[in-house]
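> Before I ask anything, let me first share the structure, which is written out below as structure tokens.
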Amino acid sequence: MSTLLKGEKIGLIGFGELGSALFEGWSAAGRKVLVNNGSLERTREKLAQSGADVERGQSIKQLTEECQVIALAIRGVALHDVMTELDHHADQDHIVLSFMAQESRESIFGLLKQADVEVCKGMTTLGAREQRGVSAPARRSPQEGRDRHAVRRLRRLSLGAFDGNDSRER
């Protein structure tokens with residue numbers, strides 16, 4: 001896998017409190033973030049309310065076509081529907097990064113039929129909007145030991161959401 005480049009696009013599913021904070025942080029760090037928050041109309045309405053470019057609103061299919069990293073910042077009630085649709089479009093080139101506190105990475109991975117999709121869990125503290133958040137990505141790969149660059153990429157990506165620093169390693 002390639003190293004995370006400053007301009008790499010990120011697909012973000014969910015644009016509530018955490019999703020909008022991730023959107024702001026990643027955008028400020030120079031990433032292009034494409035968003036899905038249910039229907040395209042609803043997504044673009046939420047983006048407009050936040051002052052963001054409504055063209056960033058995309059379908060889940062479009063997110064997977066344009067983004068290798070797909071971040072989940074959704075409520076549990078939407079999980080099954082989102083994962084069913086994501087499963088139709090994601091493949092071995094995608095990394096799913098879940099910020100869902102109530103779901104383990106194993107439960108997310110279990111909803112995907114695509115055995116080669118990597119699933120990572122990003123945990124944040126409250127205060128992400130004030131840039132006081134921390135992230136602790138953990139990797140769940142179908143092939144343990146495969147390409148550790150994914151973890152480094154996600155760590156830089158997650159930390160960049162809160163401090164804009166793309167090169168920091170923890």
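The values are calculated or read from the model by the stated rules, or taken from the named source; none is laboratory data. Only a predicted model underlies this, so the values are computations on that prediction, with no experimental measurement involved. Cβ placement follows ideal geometry from the backbone for every residue including glycine, while neighbour counts extend to all protein chains displayed. Only protein heavy atoms, including side chains, enter the accessible area calculation; ligands, DNA and RNA are left aside. Shrake-Rupley method; radii C 1.70, N 1.55, O 1.52, S 1.80 Å.
> Only residues that are under 18 Å from Gly19 (Cβ atoms) and touching a strand residue (DSSP E or B) at 6+ places or on another chain (Cβ under 7 Å): list them for region 95-105, please.
Listed by number, the residues that qualify are Ile95, Val96, Leu97, Ser98, Phe99, Met100.
> Select, from Lys61, Lys113, Lys46, the only residue that is of a type outside the set (S, T, N, Q) and assigned to a loop (DSSP other than H, G, I, E, B). Full working, then the answer.
Values: Lys61 fails: assigned to a loop (DSSP other than H, G, I, E, B); Lys46 fails: assigned to a loop (DSSP other than H, G, I, E, B).
Only one candidate qualifies: Lys113.
> Separate question: Regarding Ser59, is this residue loosely packed, with under 15 Cβ neighbours inside 10 Å, among the polar types (S, T, N, Q) and touching a residue at least 12 places away in the same chain (Cβ under 8 Å)?
Judged against the criteria, Ser59 is not a match.
> What pairs come out if I take residues in region 74-88 that are touching a residue at least 24 places away in the same chain (Cβ under 8 Å) and pair them with residues that are polar (S, T, N, Q) and open to solvent by 100 Å² or more (accessible area, probe 1.4 Å) whose C-beta lies under 6 Å away, six or more apart or interchain?
Within 6 Å, the pairs are Gly76/Gln102.
> Can I ask one more? Out of the residues in region 93-114 that are farther than 13 Å from Ile74 by Cα and open to solvent by 60 Å² or more (accessible area, probe 1.4 Å), state the one that is modelled with the lowest pLDDT.
Gln114
> Being in a helix (DSSP H, G or I), in contact with a helix residue (DSSP H, G or I) (Cβ under 6 Å, 6 or more places away or on another chain) and among the small types (Gly, Ala, Ser) narrows it down to one of Ala78, Ala21, so name that one.
Going through Ala78, Ala21 in turn, just one is in a helix (DSSP H, G or I), in contact with a helix residue (DSSP H, G or I) (Cβ under 6 Å, 6 or more places away or on another chain) and among the small types (Gly, Ala, Ser): Ala21.
> May I ask you to verify whether Ser27 is open to solvent by less than 20 Å² (accessible area, probe 1.4 Å), part of a helix (DSSP H, G or I) and of a type in the set (Ser, Thr, Tyr)?
No, not satisfied.
> For region 68-83, give me each residue that is of a type in the set (Val, Ile, Thr) and open to solvent by 60 Å² or more (accessible area, probe 1.4 Å).
Val77
> Of the conditions (1) polar (S, T, N, Q); (2) modelled with pLDDT under 90; (3) exposed (fewer than 15 other Cβ atoms within 10 Å of the Cβ), Ser135 clears all except one; give me its number.
Of the numbered conditions (1) polar (S, T, N, Q); (2) modelled with pLDDT under 90; (3) exposed (fewer than 15 other Cβ atoms within 10 Å of the Cβ), the odd one out for Ser135 is (3).
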